[in-house]
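> Encoded as structure tokens, here's the structure I'll be asking about.
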Amino acid sequence: MKKKISLIILALLFFVLISYGQNTSYQYLDTLVTNYIKELQSQNIDTICVYKDYCVGCVYSIKDKADRCAYSSIFIPTYILWINQGKTFLSKKDNCFDYSTIEIDSTALWKIFFKNQKRLKKEKVKFFEYVVYENKKKEVYSIMADHSQHHDFEMIIKGKSIVMKFDEFNLQKQSDAEYNINYEHNKNLKGKMIVDELEKLTQEIEKRKLLEKNRR
């Protein structure tokens, strides 16, 4: 009996370890990214950017069988950039893979950030809102989208963070017949300039397939 119980315990332990190793949730991904940042900071790296480019409610189609992964919840490609001895390096993590580290030219990105650092601390992205006049009274309503692309970034400078989250729906000028009264505000945010630069950088890296991947 004792032998059977021992075998059952070992089997359960093995199952737990395997399950943990194959954790593909975005919560576990956040833990991996947090630990990666701590490791960078332990090396006295104090200028770090984390960029997440993902879609809520979208289904990713993966053609290469080797890249297939039964990820859970939201699939979130996450890019980590940092400055070390005047050079910028980039790596990436997602729900399924860890990626290599490469050196990149990101002069424009850091120039935008450091020039507008104080302003960025105060910036807020506004929801898609539109105006309706009901009985000669002005009413303002908000719209949210179930499925939308998101661009989030966090700048970590000497342990202090600036976080901005952009939902592409809030950046639209209009939806159907409704005009977004916050369109100009959102479009002219300095944070939007940073997102545009990050998107340009990462798209070029993906297009040229500069990062090598390893299944976690």
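> If Lys and Arg each add +1 and Asp and Glu each add -1, what is the summed charge of the other residues whose beta carbon sits under 14 Å from the beta carbon of ILE181?
So the surrounding residues net to 0.
> Report, by chain and number, residues whose modeled amide H sits under 5 Å from the one on SER25, excluding near sequence neighbours (fewer than 5 apart, same chain).
Hits under the 5 Å cutoff: SER72.
> How much accessible area per residue does region 62-207 have, counting only protein heavy atoms and a probe of 1.4 Å, in square angstrom?
Using a 1.4 Å probe on heavy atoms only, each residue of region 62-207 averages 60 Å².
> Moving on. What are the membrane-span-like helices in the chain by this rule: whole DSSP H runs, Cα extent along the axis at least 18 Å, mean Kyte-Doolittle hydropathy at least 0.5?
2-21
> Still on this structure, I have one more. List the residues, sorted by chain then number, that are 5 or more residues from ILE76 or on another chain and whose placed amide H is less than 5 Å from its amide H.
Distant-sequence amide H within range of ILE76: ASN95.
> Could you compute the FRET efficiency for LYS173 and SER73, with r as their C-beta to C-beta distance and R0 at 25 Å, rounded to 0.05?
0.20
> What number do you get for region 43-152 when its Cα radius of gyration is normalised by 2.2 N^0.38 Å, N = residues?
It is 1.50.
> Pick from ILE48, ILE80, ILE205: which residue has the top mean-square fluctuation in a GNM of the chain where Cα pairs under 10 Å get a spring?
Fluctuation is largest for ILE205.
> Go through LYS87/LYS158; LYS136/LYS190; LYS124/LYS200 and tell me which ones have a Cα-Cα distance over 27 Å in this structure.
LYS136/LYS190
> While we're here: Leaving ligands, DNA and RNA out of it, report the carbon-plus-sulfur percent of the accessible area of the chain at a 1.4 Å probe.
Accessible surface attributable to carbon and sulfur in the chain totals 53 percent.
> In percent, what relative contact order does region 52-146 have, based on Cα pairs under 8 Å that are 6 or more apart in sequence?
Reported relative contact order: 17 percent.
> Also, quick follow-up: How much FRET efficiency would the formula 1/(1 + (r/R0)^6) give for ASN182 and TYR28, where r is the Cβ-Cβ distance and R0 is 30 Å, rounded to 0.05?
0.30
> Hey, another quick one. Be a star and scan region 169-185 for residues whose amide nitrogen sits under 14 Å from the point 7 Å along the Cα-to-Cβ vector of CYS55.
The answer is 169, whose backbone nitrogens lie closer than 14 Å to the label point.
> If you build a Gaussian network model of the chain, linking Cα atoms that sit under 10 Å apart, which residue out of ASN170, ASN95, ASN116 swings the most?
ASN116
> Output needed: Cys residues of the chain lacking any neighbouring Cys C-beta below 4.7 Å, sorted by number.
CYS49, each lacking another Cys Cβ under 4.7 Å.
> Using unit Cβ charges (K, R positive; D, E negative) and no other charged atoms, how large, in debye to the nearest 20, is the dipole of the chain about its Cα centre?
640 debye
The values are calculated or read from the model by the stated rules, or taken from the named source; none is laboratory data. Keep in mind that this is a model prediction, so the values were computed, not measured. Cβ: placed from backbone, ideal geometry, glycine included. Neighbour counts: every protein chain shown. Protein only, heavy atoms only, side chains kept; ligands, DNA and RNA dropped before computing areas. Shrake-Rupley method; radii C 1.70, N 1.55, O 1.52, S 1.80 Å.
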